[in-house]
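Trainee: Got a structure for you, written out below as structure tokens; questions coming shortly.
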Amino acid sequence: MIKLKRLRRDDSLGPLESVLFLDFIKGLTITMKNLLRKPITTQYPKEKITPPKRFRGKHGHFVYDGTEPPSLQAIQGFMSFEKGKSRCVACYMCQTACPMPTLFRIEAVQMPDGTKKVVRFDMNLLNCLFCGLCVDACPVECLTMSDIHEMAVYRRSQAVIHMDDMEKIGATNAKTVRELPDRIWRNDKERETLWGKVKWNF
Amino acid sequence: MQASEKTLNEIKLRIPYVEVKKDKLISIVYVQKELLINTLKTIKEDFGFKLFIDHSVIDTLEAQNRFEAFYILYNVDTKERIVVKTKTEHSLPSIERLWFAGKWAERETYDMFGIHYEGHEHLVRAFMWDTYSYFPLRKDFPLQGYENVELPSLNETVFGDNLTGTMNYRRTHTYVPTLKDLEYTEKNRIKKKAQVVLNWGPLHPGTHGTMWFLFDLEGERVVQTDVILGQLHRGVEKLAEHEPYQQFLVYTDRMDYISALCSNQAWTVAVERLLGIEDIVPLKAKYIRTMMSELQRINSHLLWLGTYALDLGALTIFLYAFKEREKIMDIIEGITGARLTISYTRIGGVRMDLPEGALEVIESFIKFFPKELKDWEKILSRNRIWLKRNKDVGVLTKEDIFFYGLTGAVARGSGVFYDIRKLEPYDAYGMVDFDVPLGENGDCYDRYLVRVEEMRQSVRIIEQCVQKLKTMSKNEPFMAESQDPKKLRLTLDGIGLKVPAGEVYSSGENPRGELGFYINSKGGLKPYRVKIRPGSFYNLCVYPHLMENRYVADAVTILASLDPVVGEIDR
């Protein structure tokens, strides 16, 4: 059942309206109403809004700290992990899923005891699209995206992030964001300037 | 809907020299190149396929008749779509007498494939500059282009950066136009008839992007207009041929960057139709997608309303609209993780389920939004300045709509019922109730009314989706599960998704018109050819016609009421 709605056109002013400037007065009442409202702006560099939990910012690596998913526990015997270091297994799935695969550079070596050690994990964030497909692809829940979004740098080489940067980001992320409930915003108070009171159901 | 067996048989009966083919996804009429114009004319005039949708060619790399051209046409009355195909070596007859939109499509095809059009009035490149010597969408043109120019600025090592390999930019670069090239292009586009040629753009806030307009002026009256496009051309169609299906989704964000979710949805639905898995996509995913893309539609229309009013001098509306827009940005950010380049849909579902509290926030938004909208209408709709600048400016008749291939709010403003959400319901649009607003006169004022009413209808759709999603439990799936993972892999990351051979034209209703994807697959991980039908590109093609004999002051009004986005025009 297709419903059409012919629009009503009210496009000419009556004589009274045009002489008394009623159209302007009507508009100005709205402006007046808005004049009395509280400002909704955030003064950016001084005050900052916390990005939500799902925010896709700078990449990080979750570290090997005993919170591994079952998929990693099954193969951790073959890997040479250290406590507090990245839990990457160099499976290259992130690179396969990436729309711009050349931004990754991942290298792994075989240790004397036969285990595998990841020695290099660079990402050139100048080429990154921040789509999150690499995070979806990671089978051991190592790669993650943090809420860091201020990433301006002075040199091109600083835009390339290495494994140790990512470990730090991942370790902070694990403490602050990972365990949070899956809520739409992290800090409702900050959003109240714009939204007013939102009626929550819980 | 594809043209039915009956229509195809009638066409076959009427024009005996054509061959017809129909499968589940597409109805095709094959014809020889010499008889193309006659066939198109008969199909247009006698069978009512009046609306021009798209035209391009496929590079088949065969030794004989290398290029396969296709023309997509639509019959608004019987709601049927038909594809006319022909083969050619290097030239085609021009269809500019049948559809003006074809003229622009031909310019693009000439630019990208080097097809010569016989009888084309002014065959110049659409996106590249006129001294460019390659045809980039041909299959023998490499993805990265021919890198044979050294750009000194790229080779400077200012801070002693020592990056190697792919982590650094390459030392050589593809050819970049110089000022001389651009000057030549500008001179080549327009033959001065009147007093002075006025340049508008490419970097002007009134053009809403990087478009370069040339007005040939007689006093303040515009005699002729031309547009130079391509400042934002990134070759998305070429990229599509080199990306897996899921990975290309990321580039659809960057096409129409104001309504990324709608583009995401259109692409995902197109691939799902090609895979034939539209039915196994879970209901929850469908409702989430519909709800999100309607939010995005309101977002996009708000940006349009704000900047349109700003262009005409009503600054307050801009501030009010951006306040509400910020709320939608907050919602989208919380649900998908990004504000602008969203990449939320996945082939077979969505990336994540809705988070806790999302529905409450959306409810709180749609509770207050209609009131705000009413306030703005009170300021604008009967304001005398607004009326003077909008009424009877840029009038489009119904015939114009078909002749110039216009879609979206522009078509509906002129009273043509063309809304893909109703004509070819995708996702949950078939299950929700909403009206399609239609204008009468087809001027800028009607287009304004239509867009405002569309926002109200979007609120209605969101309301229904929220009610439905509230009844669904948290454990319901949001991603389709493949029956046979060996044949069809449906994952969030899209690795290993193989699509069978076939072709499909599927479109979605973007805020700026119909966004269509023609996908030609030869089987495997990557599409063979993707033609994107950008709504803004064809909506812009009417601009020179509308500007004839108008004054410079109307340039902004008319352009903003067509609402083009350069990311989608140039791709």
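Trainee: How far is it, in nm, from the label point at B:Arg221 to the one at A:Tyr154 when both lie 7 Å from their Cα along the line to the Cβ?
Mentor: Label-label distance for B:Arg221 and A:Tyr154, simple model: 6.0 nm.
Trainee: Assuming R0 = 60 Å, can you tell me the calculated FRET efficiency for the pair A:Lys5 and B:Val176, based on Cβ-Cβ distance, to the nearest 0.05?
Mentor: After rounding to 0.05, the efficiency reads 0.75.
Trainee: Does region A:1-71 classify as rounded, prolate or oblate by the C-alpha gyration tensor (a ≥ b ≥ c root eigenvalues; a/c under 1.5 gives rounded; else a/b over b/c gives prolate, otherwise oblate)?
Mentor: It comes out oblate by the Cα gyration axes.
Trainee: When ranked by the protection proxy of mean other Cβ atoms within 10 Å per residue, highest first, what sequence do the peptides B:59-67, B:421-429, B:407-415 form?
Mentor: The packing order, highest mean first, is B:407-415, B:421-429, B:59-67.
Trainee: What is the ratio of the Cα radius of gyration of the protein assembly as shown to 2.2 N^0.38 Å, where N is its residue count, to two decimals?
Mentor: 0.98
Trainee: Over all alpha-carbon pairs in region B:236-570, figure out the percentage whose distance exceeds 31 Å.
Mentor: Distances greater than 31 Å cover 31 percent of the Cα pairs.
Trainee: In addition: For the pair A and B, how large is the buried accessible area, both sides, in square angstrom to the nearest 100, if the probe is 1.4 Å?
Mentor: The A and B chains share an interface burying roughly 6700 Å².
Trainee: On to the next question. For peptide A:50-63, what's the mean number of Cβ atoms from other chains within 10 Å of each residue's Cβ?
Mentor: If you average over the peptide's residues, the count of other-chain Cβ atoms is 3.
Trainee: A follow-up question, please. So how far apart, in nm, are the two label points at A:Lys199 and B:Lys470 if each is 7 Å from Cα heading toward Cβ?
Mentor: Each label point is offset 7 Å from its Cα along the Cβ direction, giving 0.9 nm.
Trainee: Next up: Can you pull out the trypsin sites (Lys or Arg not before Pro) in region A:120-202 whose DSSP state is coil and whose Cβ has at most 10 other Cβ atoms within 10 Å?
Mentor: The qualifying sites are A:Lys197, A:Lys199.
Trainee: What is the packing order of peptides B:264-276, B:139-151, taking the mean over residues of other C-beta atoms within 10 Å and listing the highest first?
Mentor: Order by mean packing, descending: B:264-276, B:139-151.
Trainee: Mind putting a number on the dipole of the protein assembly as shown about its Cα centre? Charges go on the C-beta only, +1 for Lys and Arg and -1 for Asp and Glu, and I need it in Debye to the nearest 20.
Mentor: Computed charge dipole of the protein assembly as shown: roughly 1120 debye.
Trainee: Using 0.36 nm per residue of separation minus the Cα-Cα distance, give me the extension gain between B:Lys487 and B:Leu25 in nm, one decimal.
Mentor: 164.3 nm
Trainee: If you don't mind, there's one more thing I want to ask. When the C-alpha atoms of region B:5-118 are aligned to their principal axes, what extent does each axis show, in angstrom, from largest down?
Mentor: Ordered largest first, region B:5-118 gives principal extents of 36, 29, 25 Å.
Trainee: Based on Cβ point charges of +1 for Lys and Arg and -1 for Asp and Glu, what charge dipole magnitude is obtained for region A:59-179 about its Cα centre, in debye rounded to the nearest 20?
Mentor: 280
Trainee: Now a separate question. What does the highest-first list of A:89-102, B:363-376 look like by mean Cβ count within 10 Å?
Mentor: By packing density, highest mean first, the sequence is A:89-102, B:363-376.
Trainee: Given N residues in chain B, what is its alpha carbon radius of gyration divided by 2.2 N^0.38 Å?
Mentor: Compared with the compact-globule rule of thumb, chain B sits at 0.96.
Trainee: On a C-alpha basis, how far is the centre of region B:489-514 from the centre of region B:195-252 in Å? Whole number, if you could?
Mentor: 26
Trainee: What spacing in nm lies between the two simple spin-label points modelled at A:Glu141 and B:Leu315, each 7 Å away from Cα in the Cβ direction?
Mentor: That separation, rounded to one decimal, is 5.2 nm.
Trainee: Using only the alpha carbons of region A:59-179, what is the convex hull's orientation-averaged projected area in square nanometres?
Mentor: Hull-based average projected area comes out at 7.5 nm².
Trainee: Over the whole of A:19-31, what's the average partner chain Cβ count within 10 Å per residue? Rounded to a whole number, please.
Mentor: Across A:19-31, the average partner-chain Cβ count within 10 Å equals 4.
Trainee: Could you tell me what percent of the accessible area of chain B is made up of carbon and sulfur, with a 1.4 Å probe and every protein chain present?
Mentor: Carbon-and-sulfur percentage of accessible area, whole number: 54.
Trainee: Assuming R0 = 30 Å, what is the FRET efficiency of B:Asn199 and A:Ser18, from their Cβ-Cβ distance, to the nearest 0.05?
Mentor: Calculated transfer efficiency: 0.20.
Trainee: Looking at this model, which pairs from B:Lys139/B:Lys498; A:Lys26/B:Lys422; A:Lys5/B:Lys374; B:Lys238/B:Lys487 are more than 29 angstrom apart at the alpha-carbon?
Mentor: A:Lys26/B:Lys422
Trainee: Still on this structure, please answer the following. First measure r as the distance between the Cβ atoms of A:Gln110 and A:Asp188, then evaluate 1/(1 + (r/R0)^6) with R0 = 56 Å and state the FRET efficiency to the nearest 0.05.
Mentor: With R0 = 56 Å, the Cβ-Cβ based efficiency is 0.65.
Trainee: Just tell me how shielded B:247-256 is by partners: mean number of partner chain Cβ atoms within 10 Å of each residue's Cβ, no decimals.
Mentor: Whole-number average of other-chain Cβ neighbours for B:247-256 is 3.
Trainee: What translational diffusion coefficient, in µm²/s and rounded to a whole number, does the Stokes-Einstein relation yield for chain A at 20 °C and a viscosity of 1.002 mPa s, taking the hydrodynamic radius as the Kirkwood radius over Cα pairs?
Mentor: So the translational diffusion coefficient is about 100 µm²/s.
The values are calculated or read from the model by the stated rules, or taken from the named source; none is laboratory data. Just so we're clear, the structure is a prediction, and the values are computed from it rather than from any experiment. Glycine also receives a Cβ, built like all others from the backbone with ideal geometry; neighbour counts cover every protein chain displayed. Surface accessibility is based on the protein's heavy atoms, side chains included, excluding ligands, DNA and RNA. Shrake-Rupley method; radii C 1.70, N 1.55, O 1.52, S 1.80 Å.
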